[in-house]
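The values are calculated or read from the model by the stated rules, or taken from the named source; none is laboratory data. As the structure is a computational prediction, the values presented were derived from the model and not from experiment. Positions of Cβ are generated from backbone atoms using ideal geometry, with glycine treated the same way; all protein chains shown enter the neighbour counts. Side chains included, ligands, DNA and RNA excluded: accessible areas come from the protein's heavy atoms. Shrake-Rupley method; radii C 1.70, N 1.55, O 1.52, S 1.80 Å.
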Amino acid sequence: MSAMTGDISPSSGLGTWRTPLALIICACLIALLRFGPRSSLGCFVQPMSREFTWGRDVFGLALALQNLLWGLGQPIAGAIADRFGVLRVMIVGALLYAGGLLLMRYSTAPLSLDLGAGVLIGFGLSGCSFNLVLSAFSKLLPPERRGFALGAGTAAGSFGQFLFAPFGVAMIDNFGWQAALTVFALLMLLIVPLSLAIATPPSTSSNEPVGDQQTFKTALAEAFGHRSYVLLVLGFFTCGFQLAFITVHLPAYLVDRGIPASTGGWVIAAIGLFNIVGSLSVGWVQNYMPKRYILSVIYFTRALATVAFISFPVTAFSAIAFGAVSGLLWLSTVPPTSALVSLMFGTRWFATLYGFAFVSHQVGGFLGVWLGGIVFEKSGSYTPIWWLLVLFGVLSALINLPIVEKPVVRAVAQPA
């Protein structure tokens, strides 16, 4: 790559139009589109539940299933992308995502909601996940550009949340929830042409550095036998639990306390807006500070913010303030987490190994959404789950501290 022009060299397998800037812009647009509808689904809980007389546990189960399948599908999608390239996986994921939103629009029973919002969107998110964008960054960009690109991509996803949450609420209020889901589905199809910019070539032993030449089985054994990777994976569980619970249940929680539904949309939007600042800042700071300390501070600060929010009367101001603080910490775990995976194990199986870390994240998301619905239906309150968010935040802050930020020691085969 030429440092002066910023063009990616022909040897990377990219066309001349796919400069680092073009790659980052298209990847950011993908992140914006992919993250927007999914982060706004909590705004559909009340209108759909009212129309079909569903309890929140029905909607909670569908979105919990979505989070779980999104996580379980991620290592599979990552392994396919690592072996055959990102493009075809991204296209299939976008089509499944759009199909799931359309099926959700026509759902009239819990089973069809589970299939659309749960199964199709869950696997669709796996296929067009930002994890694959991170993998493309790791494979196609030079190391000095990756920190900024990771932060920019994460921030773009948050900007999608900022745009789609109030847009979704406005669509629901003016045209109905069915029209909102239809528009969301059509917008997902834009991911298909944008994914051409981040296509990666198939991986073979001939185009990988000697240190990265591993089989799938060997890479997994190495990762799960590495203490720091296991700690990173365990800590990521909390991130999923906290984010999924807040995304799905916070809008309804606010309505329960007499706050207008539109405020819930603006709180989610505030999370997205302030996460732009948080993600870009962390993407830059991680070049100068140990990543394990950054993660520890993020998790502990989330716990403190949650305690402050639930300890005082909830108002529109306090809700938006909580959204702003949460936004600064929202997806800021992603740049240091993904950077640690790349640092420890290289880029050959990055999408796969980050995908397994993401399984932990999504198991947390599944439990956060599902338990939130169950606890509310049985007790009429979200309070026990709020305190679980606090407990998990403190535990994850401690879990990340012993992580060792060094590449694994790997035997390198000597040429004959």
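Numbers at a glance
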item	result
Percent accessible area from carbon and sulfur atoms, the range 321-377, protein chains only, probe 1.4 Å	81
Label corresponding to mean projected area of the Cα convex hull in nm² when calculated from the structure given, among (i) 23.8; (ii) 19.2; (iii) 25.3	(ii)
Value of relative contact order over the range 154-286, rounded to a whole percent, pairs C-alpha under 8 Å and six or more apart	58
Whole-number percent relative contact order across the chain, with pairs defined as alpha carbons under 8 Å at least 6 apart	27
Spacing of the two label points (7 Å from each Cα toward its C-beta) at Thr108 and Leu21, in nm	5.3
Folded to 0 to 90 degrees: helix 383-399 orientation relative to the chain principal axis, Cα	20
Angle between the chain longest axis and helix 130-140 axis [Cα atoms, degrees, rounded to 10]	20
Highest-first arrangement of 87-100, 172-185, where packing means the average Cβ count within 10 Å	87-100, 172-185
Sorted peptide list for 284-293, 370-379, 125-134, criterion being average Cβ within 10 angstrom, highest first	125-134, 370-379, 284-293
Relative contact order (%) - the range 253-407, alpha-carbon pairs under 8 angstrom, separation at least six	37
All lysines inside 30 Å of Lys291 as judged from Cα atoms, apart from same-chain residues fewer than 8 positions distant	Lys139, Lys217, Lys406
Environment charge of Leu87, counting only residues whose C-beta is closer than 14 Å and scoring Lys/Arg +1, Asp/Glu -1	+3
Nearest-ten-degree value, helix 261-285 long axis tilted from longest Cα axis of the chain	20
Label point 7 Å beyond Cα of Phe52 along Cβ direction - residues of the range 115-146 with amide nitrogen under 18 Å	115-123
Rounded percent of accessible protein surface that carbon and sulfur make up, the range 213-257, 1.4 Å probe	64
Formal net charge of residues neighbouring Val230 (Cβ-Cβ distance under 14 Å; K, R +1; D, E -1)	+1
Helical contribution to [θ] at 222 nm, DSSP H n ≥ 4, -39,500 (n - 2.57), averaged over the chain, rounded to 500	-24500 deg cm²/dmol
Difference of contour (0.36 nm per residue) and Cα-Cα distance, Leu304 to Ala170	45.0 nm
With every protein chain in place, the range 39-145: carbon and sulfur % of accessible area (1.4 Å)	69
Relative packing of peptides 383-391, 351-359, 272-280 - highest average C-beta neighbours within 10 Å first	351-359, 272-280, 383-391
Whole-number accessible area per residue in Å² for the chain, which is evaluated in the context of all protein chains at 1.4 Å	39
